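Colleague: My questions will all concern the structure given below.
The values are calculated or read from the model by the stated rules, or taken from the named source; none is laboratory data. Everything numeric in this text was worked out from a predicted model, so none of it was measured. So basically every Cβ, Gly included, is an ideal-geometry build from the backbone, and we count neighbours across all protein chains shown. For the accessible areas, the whole protein counts, side chains as well, though only heavy atoms, and no ligand, DNA or RNA atoms are used. Shrake-Rupley method; radii C 1.70, N 1.55, O 1.52, S 1.80 Å.
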Amino acid sequence: MATEPPYFSTKVVATRRFWIPDHELDPRLGVLSGGFEQVARDYAIERDGFPSPLVEMVAGGEGVLELAGRTYRLVPGTLFAYGPGIPVRVTTDPRAVLRKYFLTIHGREASRLLATAHLSPGSVAVVADPLPIIDILEQAIRWGESNAANRSQA
């Protein structure tokens, strides 16, 4: 595969990530990138927004999320979304580093899909049982790492 996209963090100690080349993307709806990251003890990422809607889920560890001007404690089961015009800052607790999944959605229907799931960019939710979501994200990673012709529509 080609060089990773510049938006992938380098402050990680373990990753499984994928991205879909632009020529494979469906303009209506698809997956642009996704993966799992175990972050480094000094992990901090700050963005003014992101070109496409992005959903992250904390699988382990703890940290702090600043999203659209509000601050949240990150714990396992926390889901949050951001995208264009939504500022975000994520930091890890160095004593309990974050292990997290992410999925970047692409296309005209992306925002509508996230709104239907009650995860519009700028929102935060905590799920009591994250395992079913982790299973889906693991399947998305396997699909994204494959060479299937329609993998951007996972």
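Colleague: So with the 1.4 Å probe, I'd like the accessible area per residue for the range 20-121, rounded to whole Å².
Modeller: With the other protein chains kept in place, the range 20-121 gives 46 Å² per residue.
Colleague: Please report, as a whole percent, how much of the solvent-accessible surface of the range 23-154 comes from carbon and sulfur atoms (probe radius 1.4 Å).
Modeller: Here carbon and sulfur together make up 54 percent of the probe-accessible area.
Colleague: Express the Stokes-Einstein translational diffusion coefficient of the chain in µm² s⁻¹, to the nearest whole number, given a Kirkwood radius over alpha-carbon pairs, 25 °C and a viscosity of 0.890 mPa s.
Modeller: This corresponds to a translational diffusion coefficient of 158 µm²/s.
Colleague: Using alpha carbons only, how many degrees (0 to 90, rounded to 10) separate the axis of helix 131-145 from the longest principal axis of the chain?
Modeller: Tilt of helix 131-145: around 50 degrees.
Colleague: According to the Kirkwood expression over distinct Cα-Cα pairs, how big is the hydrodynamic radius of the range 80-131, in Å?
Modeller: 12.9 Å
Colleague: Could the peptides 125-135, 11-21 be put in order, highest first, of the mean number of other beta-carbon atoms found within 10 Å of their residues?
Modeller: Packing order, densest peptide first, comes out as 11-21, 125-135.
Colleague: Kirkwood Rh over Cα pairs of the range 13-82 into Stokes-Einstein at 10 °C, 1.306 mPa s: D in µm²/s?
Modeller: 114 µm²/s
Colleague: Hey, could you pull the Cα Rg and Dmax for the range 33-117, both in Å?
Modeller: Cα radius of gyration and Dmax of the range 33-117 are 12.5, 40 Å respectively.
Colleague: Can you tell which of V88, G61, V127 lies farthest toward the positive end of the dipole of the range 33-145, using +1 and -1 charges on the Cβ of basic and acidic side chains (Lys, Arg; Asp, Glu)?
Modeller: Working it through, the farthest residue towards the positive pole turns out to be V88.
Colleague: Separation of the range 111-143 and the range 6-60 by C-alpha centroid, Å?
Modeller: Taking the Cα centre of each part, the range 111-143 and the range 6-60 sit 14 Å apart.
Colleague: Can you tell me the dipole magnitude for the chain around its Cα centre, using point charges on the Cβ only (Lys, Arg +1; Asp, Glu -1), in Debye to the nearest 20?
Modeller: Magnitude of the dipole: close to 160 debye.
Colleague: If you don't mind, there's one more thing I want to ask. Once the Cα atoms of the range 1-54 are picked out, what are the Rg and Dmax in Å?
Modeller: In Å, with Rg to one decimal and Dmax whole: 12.6, 38.
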